[in-house]
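As structure tokens, the structure follows; a few thoughts come after it.
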Amino acid sequence: MSTGEWIALAVVLALAGLAAVLVLLVRVFRARKLLADAGIPLQNKALFWSAVVYTISPVDLLPDPIYLDDIGFLMLALRSLHSAGAHAVAARREKQAAPGRTSLTKDLQG
């Protein structure tokens, strides 16, 4: 392969990495928007904002054409937000089911 072909390949890979980062960034923002009022703990909100800042920051662990660190950090934030959302939904369901259980046990006892 010639030098021009290597450069073209590198540009294509860099653009693919950038596209992946943008897709994950949009997904993280959507997940954050959906979980905004779900009682998400502060640590998950902080992880969200730190992932966004790290992604747009010029300072990275790996040089900018290599977006693997950005992708990893965004995936960690997305997983954390989804996990926190699942816990919030489970807690909300448990709170809604708790009054029904107490009245049922009162009916069985009385």
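Which of the residues spanning segment 1-18 are assigned to a helix (DSSP H, G or I), open to solvent by 80 Å² or more (accessible area, probe 1.4 Å) and among the aliphatic types (A, V, I, L, M)?
Looking only at segment 1-18, we keep the residues that are assigned to a helix (DSSP H, G or I), and these are 3-18.
Then keep just the ones that are open to solvent by 80 Å² or more (accessible area, probe 1.4 Å); that gives 3, 5-7, 12-13, 15.
Hits for segment 1-18 are 7, 12, 13, 15.
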Enumeration of residues in segment 42-91 that are open to solvent by 60 Å² or more (accessible area, probe 1.4 Å) and either of a type in the set (Phe, Trp, Tyr) or not in a helix (DSSP H, G or I) (or both): 49, 58, 59, 61, 62, 63, 64, 65, 66
Find all pairs meeting these conditions: Cβ atoms under 7 angstrom apart; at least six residues apart or on different chains; first residue within segment 5-25 and of a type in the set (Val, Ile, Thr); second residue open to solvent by less than 40 Å² (accessible area, probe 1.4 Å). 21/55; 21/70; 21/71; 21/74
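The values are calculated or read from the model by the stated rules, or taken from the named source; none is laboratory data. What you see is a predicted model; the values in this text were computed from it and never measured. Neighbour counts are summed over all protein chains in view; Cβ atoms, including those assigned to glycine, are modelled from backbone coordinates with ideal geometry. When the accessible area is computed, the model is the full protein with side chains, heavy atoms only, and any ligands, DNA or RNA have been set aside. Shrake-Rupley method; radii C 1.70, N 1.55, O 1.52, S 1.80 Å.
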